[in-house]
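Reading through the structure tokens given below for one structure.
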Amino acid sequence: MGRQAGRANYEPNSFTGAAAGPRADREAGFRTVERPESGHTRRVRAESFADHYSQAGQFWRSQSAVEQDHIRMAFVFELSKCEIPVVRERIVANLRNVDEELAAGVADGLGMELPEATTPHVQPNHDLPASPALSMEFRAPESFAGRKLGIVVTDGTDGAVLDALTKAFEDGGAMVETVALKVGGVTLAGGERRPVDHKIDGGPSVLFDAVALLGEGAGAEELAGHPATRDFVADAFSHYKFIGYVPGARPLLEAGGIATGWTRPAWTCRRRRRRTSSPPAGRCAAGSATSERRHGIRIPARHSHPCTTSPSLTEGERHDPSPAVRHPRPVPGVARHGRRPGPRARPRRGVVDGS
């Protein structure tokens with residue numbers, strides 16, 4: 001057994017010479033054992049092999065509310081692409097054997113009646129206990145080490161803030177990359193020309209675990225006028241990523257449809273639904289013990305109690321285009337499926353004012 005070199009790694013083939021690939025080896029090659037057999041031979045599996053739903057149900061019950069919402073939306077997204085209604089009904093009927101709430105949510109998202117459950121070959125066991133080990137959120141790391149921060153910069157960005165922020169995250173074990181309107185670089189406030197890693201069209205926020213907006217002045221206004229900027233900010237917000245920004249970068253947030261008019265953000269624990277006027281103590285993204293103002297940017301802390309691993313800022317709101325509404329209306333966060341931040345659970349959202 002081994003990797004075969006050459007153009008063909010199968011036998012027989014029509015090539016010749018040293019690169020012809022493998023040939024049958026009559027001496028050392030595989031040979032079928034010859035032996036007499038009597039009676040009937042059968043391939044038999046235990047009944048448990050026909051239980052297709054018990055483990056799926058245990059997995060579902062082990063997820064956090066955010067992860068369950070993401071799974072439900074993923075089913076809705078994929079089944080919405082299915083053009084055969086009976087197939088959609090059959091899948092939802094199968095989901096009823098996994099969890100009734102999941103099936104009902106998917107059916108509602110598809111705009112269909114909840115079908116009768118599929119008759120399982122083996123009755124699923126819904127008493128299997130939930131396991132935190134099956135949840136990505138419950139096993140989330142307590143620091144930003146190993147993750148990546150994307151910093152959006154423009155002409156006029158404060159070089160001292162950029163350098164200090166980069167150092168703070170790199171000292172905490174994180175990776176940092178910069179994004180700008182043009183990949184050729186930007187001219188900082190002091191006149192220094194600084195190269196960047198990504199053009200914003202080719203460096204979307206889905207590449208990063210958190211983002212910081214350091215655009216300033218006319219550069220921020222120019223960048224805010226590009227559709228890629230709108231997508232960068234809106235996707236970061238809808239995927240529940242932390243967004244740090246300096247006051248001059250507010251046009252970039254507004255381009256993504258995020259209101260920035262609040263004066264004191266509220267932090268909400270998703271499972272306990274407890275609101276506070278200030279973030280609880282915990283470990284911030286740069287590794288400090290508390291949430292504090294650093295280098296012109298406020299870095300969010302994490303919850304210290306066991307119900308969650310990070311705060312969620314609920315005052316982030318999209319603009320209501322109606323002039324009759326005095327305040328922007330809150331919109332629930334929606335993760336857009338289809339890129340996939342792989343199987344990773346979506347991080348919690350937070351817009352952090354650095355003013």
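The values are calculated or read from the model by the stated rules, or taken from the named source; none is laboratory data. Everything numeric in this text was worked out from a predicted model, so none of it was measured. In this analysis, Cβ positions are derived from the backbone assuming ideal geometry, glycine residues included, and neighbour counts consider all displayed protein chains. All accessible areas refer to the heavy atoms of the entire protein, side chains included, with ligands and DNA or RNA removed. Shrake-Rupley method; radii C 1.70, N 1.55, O 1.52, S 1.80 Å.
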>> When the residues of the stretch 54-87 are narrowed to those that are assigned to a helix (DSSP H, G or I) and hydroxyl-bearing (Ser, Thr, Tyr), which ends up surrounded by the fewest Cβ atoms within 10 Å (Cβ to Cβ)?
In response: Ser80
> Does the stretch 146-175 hold any residues that are closer than 20 Å to Leu207 by Cα, of a type in the set (Ser, Thr, Tyr) and crowded, with 24+ Cβ neighbours inside 10 Å, and which are they?
Replying inline: Thr154
> Taking the stated definitions as given, is Arg88 at pLDDT below 95 and more than 30 Å from Pro132 (Cα to Cα)?
Replying inline: no
> List the pairs whose first member sits in the stretch 39-50 and is touching a residue at least 40 places away in the same chain (Cβ under 8 Å), whose second member is surrounded by 10 or more Cβ atoms within 10 Å (Cβ to Cβ) and hydrophobic (A, V, I, L, M, F, W, C), and whose Cβ atoms are under 9 Å apart, counting only residues at least 6 apart or on separate chains?
Replying inline: Glu47/Val122; Ser48/Val122; Ala50/Val122
> Can you name every residue in the stretch 179-208 that is touching a Lys or Arg at 6+ places or on another chain (Cβ under 8 Å) and surrounded by 22 or more Cβ atoms within 10 Å (Cβ to Cβ)?
Replying inline: Val179, Ala180, Leu181, Val186, Leu188, Ser205, Phe208
>> Quick check on my filter: what residues within the stretch 249-259 are open to solvent by 10 Å² or more (accessible area, probe 1.4 Å) and touching a strand residue (DSSP E or B) at 6+ places or on another chain (Cβ under 9 Å)?
In response: Arg250, Gly257
